[in-house]
Amino acid sequence: MTTNTDKTRIAAIYNPQNQTKTQLIESFVVRQKLFHKLFKAIKEAKMEVPEQHYLIQGRRGMGKTTLLLRLAYEIENDPALNSWLIPVIFNEEEYGIRRLFKLWERIMELLEQRNPEFNFEQAERLKLSKQFEDDNTYERALFEHLSAELKRTGKKIILFIDNFGEMARKLSDEEAHRLRKILQTSPDIRIIAASAVVLESFYRYDHPFYEFFRVEELKGLDKKETRDLLLNLSEHYKKETVAHIVKQFPGRVEALRRITGGVIRTIVLLFEIFADDDDGSAFKDLEFLLDRVTPLYKHRMDDLSDQQQAIVEAIALNWDALSVKEIAEQTRLESKIISAQLQNLEKNGIVLKVYTKTKNHYYIIAERFFNIWFLMRNGRRNDEKRVRWLVQFLEEWCDEKFIENPPEKYEISSTPSNTAQEPQLLTIRANQLPENKTQALSFLTNTEFLDKEPEHISTYLILILAKGEKQWLFDLFNSPEGESIQLKDRLKPIYYAVLKSMDHPDYLRMGEELVQTIDEILARAAQMAVDYA
């Protein structure tokens, strides 16, 4: 069994800031495609002319810092590059860089720390000099000295700047224009930056950095990447129980990947949980995981203003996206206040705008696992059930045995024997909905059968969808009987699959944790339509 000391050690070592160069390179098993793409762009460029600059976007914990460090280390290890190209690695947070001249000062500090051949004594004299009337003149003098030192040594630099969005926000428009001009004209400096927030201002035509950076987006890990990461950690830390879980209980792992959005930092926490408890379930794992992220998410909520907390609470408790009008009804705040606060929340990556075909757009919690945490730790008693039902559905759906023996291949005899429901199953399977739809409704909303054999209910609902009975299914989910047993929450992915098949506008309210599952449900329904035509 893994001890608490082991857990702390694993988490601390995997943090890129705490890893040695060798440890980081050895543990770098995901983001390989983007790594090779960016390094190819670096290696092929001779920097005889100004080069393309890159911005890596991705939510917190997606591996941006690790990727930047991995690129920097590869440059240091490459004899064709390290003789003339110097990677300048900034800290993950650089609170002191609030002006452009501070950027040049910091670059000089980092260069001098690692490369004694640079002489920035004159820069120190400039810093203390009283000859400069303003900061702009001082900034230009610093940059000229930096450029002169690069030319004297025959070196060029590539800046790896994390949290670039925060740094860019602090620059004035004049400084941003100045930096853009330098990067456009200087062949000696290149930037590969990362940002945890979507820099919408960069997409405005009037912004200095409009269409300036080539943007690479980091999305959550897919199934294979998650498996590779967990197995790599298992091998590195000699945790055979984790490898056993990954190989023998794929549904448990995949359900949690979808729920958490494939965030690398969360997958590492999941590794620690697997190492300590190999006899669990996806929901039990989830509860342990939530305990680990509570300090982070609580801090995130505490940083919000009272009005922002009220808005986030309304959206999070609903789980699915809400309109401004719906948020106003729940918070009793004025719509104009909500709209203003939503802009700030969106800018800081807390909420995401979901565009509709009308002017009334929806808003949803951007990090879906944060939403899960809020429901489980701050929600009503029923909210835990809603989460549990989804996790259990995903664990069953994602199990490889379930995939190898897809439900459309099941024989009716595989359903519970001697049940009163079997005639209804036969009727639906063999032909079409029973003529007496009231009888079918009674079967499909039988809570005892639904609790014991949810996969069979799911199978036949998908089969009904395959037979083109979209409206009947929609009515079933929204019927008094369906509402009374929370059928929408119990079988949430199937409900949204029905909405998507109908092109219903409420489909847009769905969180991204459901997207892949819904596509799989619709693909299965399409295949069943062929099989049982």
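Laboratory data are not the source of any read-out in this text; all were calculated from the coordinates shown. Please read these numbers as outputs of a predicted model, since none were measured by experiment. Positions of Cβ are backbone-derived with ideal geometry, glycine not excepted, and every protein chain shown enters the neighbour counts.
Below are the figures for this structure:
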{"item": "Folded to 0 to 90 degrees: helix 492-502 orientation relative to the chain principal axis, Cα", "result": "90 degrees"}
{"item": "Per-residue [θ]222 nm for the chain (sum of -39500 (n - 2.57) over DSSP H runs n ≥ 4, rounded to 500)", "result": "-18500 deg cm²/dmol"}
{"item": "Surface/4 estimate of mean projected area, convex hull on alpha-carbon atoms of the chain, nm²", "result": "29.4 nm²"}
{"item": "Amide hydrogen neighbours beyond the local backbone of residue 56, cut-off 5 Å, H modeled", "result": "193, 194, 195, 216"}
{"item": "Relative contact order for the stretch 139-228, counting Cα pairs under 8 Å that sit 6 or more residues apart, in percent", "result": "30 percent"}
{"item": "Separation between Cα centres of the stretch 440-462 and the stretch 109-145, rounded to whole Å", "result": "73 Å"}
{"item": "In degrees, nearest ten, helix 306-318 long axis to first principal axis of the chain (Cα)", "result": "40 degrees"}
{"item": "Of every Cα-Cα pair in the stretch 108-208, the percent that sits beyond 19 Å", "result": "52 percent"}
{"item": "The stretch 139-197: proportion of alpha-carbon pairs further apart than 17 angstrom, %", "result": "47 percent"}
{"item": "Between the stretch 151-182 and the stretch 24-66, the Cα center-to-center distance that results, in Å", "result": "17 Å"}
{"item": "Ascending count of other beta-carbon atoms within 10 Å, so fewest first, for 43, 488", "result": "43, 488"}
{"item": "Likely footprinting exposure, 56, 42, fewest C-beta neighbours within 10 Å first", "result": "42, 56"}
{"item": "Shape box of the stretch 31-217 [Cα atoms, principal axes, largest first, Å]", "result": "49, 40, 28"}
{"item": "Straight-distance crosslink candidates among aspartates and glutamates, where the alpha carbon sits under 19 Å from residue 336 and sequence neighbours closer than 8 are dropped", "result": "306, 313, 326, 346"}
{"item": "Of all DSSP beta bridges in the chain, antiparallel share, percent nearest 5", "result": "25 percent"}
{"item": "Trypsin sites (Lys or Arg not before Pro) restricted to DSSP loop in the stretch 277-334 with at most 10 other C-beta within 10 Å", "result": "332"}
{"item": "Candidates per chymotrypsin sites (Phe, Trp or Tyr not before Pro) in the stretch 56-150, loop by DSSP, up to 11 other Cβ within 10 Å", "result": "95"}
{"item": "Difference of contour (0.36 nm per residue) and Cα-Cα distance, residue 236 to residue 504", "result": "91.7 nm"}
{"item": "Per-residue ³J(HN,Hα) for the stretch 207-222, Karplus 6.51 cos²θ - 1.76 cosθ + 1.60, θ = phi - 60°, Hz, x for Gly and Pro", "result": "7, x, 9, 4, 6, 8, 8, 7, 8, 10, 9, 9, 9, x, 5, 8"}
{"item": "Charge dipole magnitude, Cβ of K and R +1, D and E -1 - the chain, Cα centre, debye nearest 20", "result": "940 debye"}
{"item": "Rg and Dmax of the stretch 28-106, Cα atoms only, in Å", "result": "13.9, 38"}
{"item": "Set of lysines near residue 46 by C-alpha distance (under 19 Å), chain-local residues within fewer than 8 positions excluded", "result": "37, 151, 155, 156"}
{"item": "Rounded to 10°, Cα long-axis angle of helix 454-466 versus longest principal axis of the chain", "result": "90 degrees"}
